[in-house]
Amino acid sequence: MNCSNCGSPIPAGAGYCPRCGALSTGPYASSGGTPNDLTVASAPDIPPPPPSTSYGEPSYGMDAANPYDTPPSPYGPYNYVPPPLSQPAPPTQPAPPAPRRRGNRTVLLVVVPLLVVILVLGGVLALVLRPKTTGGSSQTATTPTLSASQMTATAQANLTATANANLTATAQANLTATASVIAANQNPYVSGGTLVMLDPLSDNSRGFAWAQGTAADGACTFTAGGYQVNSAKTQFYYYCPSTGNTYSNFTFETQVKIVKGDCGGFIFRADINTGKLYLFEVCTDGSYSLYVYRNLNGDSTLLANASSATIKSGLNQPNVLAVTAQGGTLTLYVNRQKITSVTNTAYNQGQVGMVADSINNATGVVFSNARLWTV
């Protein structure tokens, strides 16, 4: 059956329309009643019909006569506002890194080591300047402060002391070297004497005026090996004097090396203008001779002649010849060994010179390291 008010279907046995609440007047309104039986409809057990929910009708629960209406709130009407639909939060983006200030790495590389050095120096100074303890009690060590002038004076004093020490060492070295030279140049044949000639005979720069030149009979030349004298004619000797000085009592020494021919030696107490002289020589056969010549014609007297084991025989053999002339005593040496001594008073002073003697062959002799001591 349908509701007589709104036309909605009413379930069987229902007393009111479930839509509008109107009282049902149909045959199925209640059990044992009639459609017009108001007793059934107004029975106190039946609640009043709910208000209509149709648009334009009073809403259910808002009628003042409705016992089920919600009592008014002492706090005023409550208007519920539904929250807005939440939106998904946007994804959180990481905050960009803060811009880094670019540093000067060069400055750091310089400053950091400098700070380390300063700290180290500070530690060293702290250790050096810390109080010193004496006898169990501490005493503060005071470091004297030097002014600029004092520092300058101290530095000057140190430099002076160093210079003096160096000069002393240099002077000592020079004295030692000089002493060595003096010892090496002392007269090895007799005690005393003054060295007045020291000539390697490599050139004519020592001031002894050695003769130089070439003639038909011979030549006097400086070579790489020394002062060379050549005699071209057999049975003839050729000499090359030092014309710078004359000597009276002396020791004369030189090294003699015969490179070709027969004999070689030197003249002493010679007068080259008159031919008066003494001649001392050694030969390749190991012999030696001492002559006294009286004139330019070659008139001579043999004063000494012999062979000696001290003489190195043969060509290119160096032999050191020496003579000591003291008054009328003439002492001969070969290789620092005395071989003979004679007495002759014919001449007491003159020049010295080098000799090549061609007895049987043209002869060449090289001389070096001439020394002469006056005694």
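Per-residue HN-Hα couplings for the range 334-340, Karplus 6.51 cos²θ - 1.76 cosθ + 1.60 at θ = phi - 60°, whole Hz, x for Gly and Pro?
Whole-Hz 3J(HN,Hα) from phi for the range 334-340: 10, 6, 6, 10, 6, 10, 6.
Using unit Cβ charges (K, R positive; D, E negative) and no other charged atoms, how large, in debye to the nearest 20, is the dipole of the range 195-374 about its Cα centre?
Details: 11 positive and 10 negative charges, 53 e Å.
It comes to approximately 260 debye.
Going by average Cβ density within 10 Å per residue, which order do the peptides 352-360, 154-162, 325-333 take, highest to lowest? Please list the in-between numbers first.
Working: 352-360: 23.1, 154-162: 10.1, 325-333: 17.2.
Highest to lowest by the protection proxy: 352-360, 325-333, 154-162.
Is the range 195-374 rounded, prolate or oblate when judged by the Cα gyration tensor, a ≥ b ≥ c being the square roots of its eigenvalues, rounded requiring a/c under 1.5 and prolate requiring a/b larger than b/c?
It comes out rounded by the Cα gyration axes.
Which FRET efficiency value, to the nearest 0.05, is calculated for residue 175 and residue 154 with the Förster distance at 41 angstrom and r the Cβ-Cβ distance?
Values: r = 31 Å, r/R0 = 0.75.
Calculated transfer efficiency: 0.85.
Arrange 253, 281 by Cβ neighbour counts within 10 Å, fewest through most, would you?
253, 281
How would 194, 221 line up from fewest to most surrounding beta-carbon atoms within 10 angstrom?
194, 221
Could you list 283, 6 in order of exposure, starting from the residue whose Cβ has the fewest other Cβ atoms within 10 Å?
On the way: 283 20, 6 15.
Ordered from fewest to most neighbouring Cβ atoms within 10 Å, 283, 6 come out as 6, 283.
We did not get these values from a lab; they are worked out from the coordinates using the rules stated. Please read these numbers as outputs of a predicted model, since none were measured by experiment. Counting neighbours? That spans all protein chains shown, and the Cβs are built from the backbone with ideal geometry, glycine included.
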